[in-house]
Each structure stands twice: as C-alpha cells, then as structure tokens.
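The values are calculated or read from the model by the stated rules, or taken from the named source; none is laboratory data. Note that the structure is predicted; figures quoted are calculated from it, not measured. Cβ atoms come from the backbone with ideal geometry, glycine included; neighbour counts cover every protein chain shown.
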Ligand SMILES: Nc1ncnc2c1ncn2[C@@H]1O[C@H](COP(=O)(O)OP(=O)(O)O)[C@@H](O)[C@H]1O
Ligand SMILES: [Mg+2]
C-alpha cells in the first residue's frame, strides 16, 4: 500500500483544513522525511488522521464512537480525515467524518460516517460505518495493530524497540 494524499480538518490542535500530498516530488525524491515541530504542534495528529481514515480509531483514543469524540478540535462543530491510498496501481479514497448538530461546537455529536470508494470511478465500495474498517483491513492486509506498529515505529515506540529483547523485536 502506498499513501498518496492526506486531508484532515479540525483534529486536535490542527484546526481548519490541512492537506499533505505525499506524491509531491519533494517527498519522492528524498525517499525518507521527518515530521518535526514542538511538542503539541500536531505531529502525532497527522498519524492519528491516517488511522482514523483507515480504521476509525487512533492509538491514543481507541475507537471513536458516536457519543464521544475527543479528537475534534475544541470549539469546532465538525472534523474529518481522508486518505488516498494506492494498491496494485489502483487508488482508493478512505473518508471519515463526524459533525455536531448544526455543525455548532455545542451541538450534540451525530453519527460517524466512514466510507471507502474507488478514486477513478467514484464508486462507493463500502459506506456502512460498522463494515468499512473491516473492508479496508482486508484490502490493505493489515489490522489496526499491525498498521500502527509499522507506521508508528518512528514515534514513541522506537525507544521500546531498541530496549526490547531480540526475540521480542519481530513483534514490532
Ligand atoms: N480536542 C482538542 N482540541 C484542541 N486541541 C487538542 C484537542 N485534543 C488534543 N489537543 C491538543 O492537540 C495537541 C496534540 O498534538 P500532538 O499531535 O500530540 O503533537 P505532537 O505529536 O507534535 O507533540 C496537544 O497540544 C493537545 O493539547
Ligand atoms: Mg507526538
């Protein structure tokens, strides 16, 4: 699986709309890049957004349910995370969204929307919140734990990896 694009809106300290195009030559040419910034700037939130779009959960908050949403930026009435991924030369859009009544910060939380569609045709492959994560998991061949272990290694778990016993390392 290749990550092509990420869009997010109102997640944690990342208020407003944000867009990262991983297909930009700047990323491709370097092959490896770092996300830097002060603590609380929103580095981990970028990874949270990818997890939300794919699995509707984050390592920090677990499954985001219809009734609690601590990731929506305080004082806002909606939040979203969307990724474009590529598998075997085919592109898919994975979209996660939740809003409050009237999109007002004090409105009641409304049900989460989570869907996957084909980029080329716009055809929706799954749009039931209860089924979309499983659909995406099958498609990319990794469950949430495997995915977070592989992409989050650069984050806090890296120290744990270095300190772990050899036998344990295969688990990362
Ligand atoms: N619902 C929220 N609304 C606004 N800010 C939030 C919310 N939840 C968490 N935050 C803030 O978002 C930031 C999270 O940043 P994080 O992505 O962990 O940053 P980094 O990884 O760069 O240290 C923290 O400063 C936290 O206080
Ligand atoms: Mg962090």
Hits in region 1-15 (condition: out of contact with any helix residue (DSSP H, G or I) (no Cβ under 8 Å at 6 or more places or on another chain) and away from ligand 1 (no atom under 12 Å from the Cβ))
2, 4, 5, 7, 9
Sort out which residues of region 98-134 are in a strand (DSSP E or B), within 18 Å of the chain's Cα centre (by Cα) and surrounded by 18 or more Cβ atoms within 10 Å (Cβ to Cβ), and write them in order of number.
98, 99, 114, 115, 116, 126
Does residue 80 count as touching a residue at least 60 places away in the same chain (Cβ under 8 Å) and in a helix (DSSP H, G or I)?
no
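Looking at this structure, is residue 109 touching a strand residue (DSSP E or B) at 6+ places or on another chain (Cβ under 7 Å), within 16 Å of ligand 2 (Cβ to nearest atom) and farther than 19 Å from residue 147 by Cα? Walk me through how you get there before you give the answer.
Working: touching a strand residue (DSSP E or B) at 6+ places or on another chain (Cβ under 7 Å): yes; within 16 Å of ligand 2 (Cβ to nearest atom): no; farther than 19 Å from residue 147 by Cα: yes.
For residue 109, the condition - touching a strand residue (DSSP E or B) at 6+ places or on another chain (Cβ under 7 Å), within 16 Å of ligand 2 (Cβ to nearest atom) and farther than 19 Å from residue 147 by Cα - is not met.
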Does residue 44 satisfy the criteria of being at pLDDT below 90 and surrounded by 18 or more Cβ atoms within 10 Å (Cβ to Cβ)?
yes
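Being more than 12 Å from ligand 1 (Cβ to nearest atom) and crowded, with 19+ Cβ neighbours inside 10 Å is the filter here; which residues of region 52-62 pass it?
Scanning region 52-62 gives 52, 53, 54, 55, 56.
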If you go through region 34-63 one residue at a time, how many are free of Cβ contacts under 8 Å to residues at least 60 places away in the same chain, more than 16 Å from ligand 2 (Cβ to nearest atom) and either in contact with a strand residue (DSSP E or B) (Cβ under 6 Å, 6 or more places away or on another chain) or in a helix (DSSP H, G or I) (or both)?
2
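Report whether or not residue 18 is assigned to a strand (DSSP E or B), surrounded by 11 or more Cβ atoms within 10 Å (Cβ to Cβ) and within 16 Å of ligand 2 (Cβ to nearest atom).
yes
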Of 165, 143, which residue is at pLDDT 90 or above and surrounded by fewer than 16 Cβ atoms within 10 Å (Cβ to Cβ)?
143
Among the residues of region 30-46, write down those that are within 15 Å of residue 3 (Cα to Cα) and more than 8 Å from ligand 1 (Cβ to nearest atom).
31, 32, 33
The conditions are (1) touching a residue at least 60 places away in the same chain (Cβ under 8 Å); (2) crowded, with 17+ Cβ neighbours inside 10 Å; (3) outside any helix (DSSP H, G or I); (4) more than 12 Å from ligand 1 (Cβ to nearest atom), and residue 93 fails exactly one of them. Which is it?
(1)
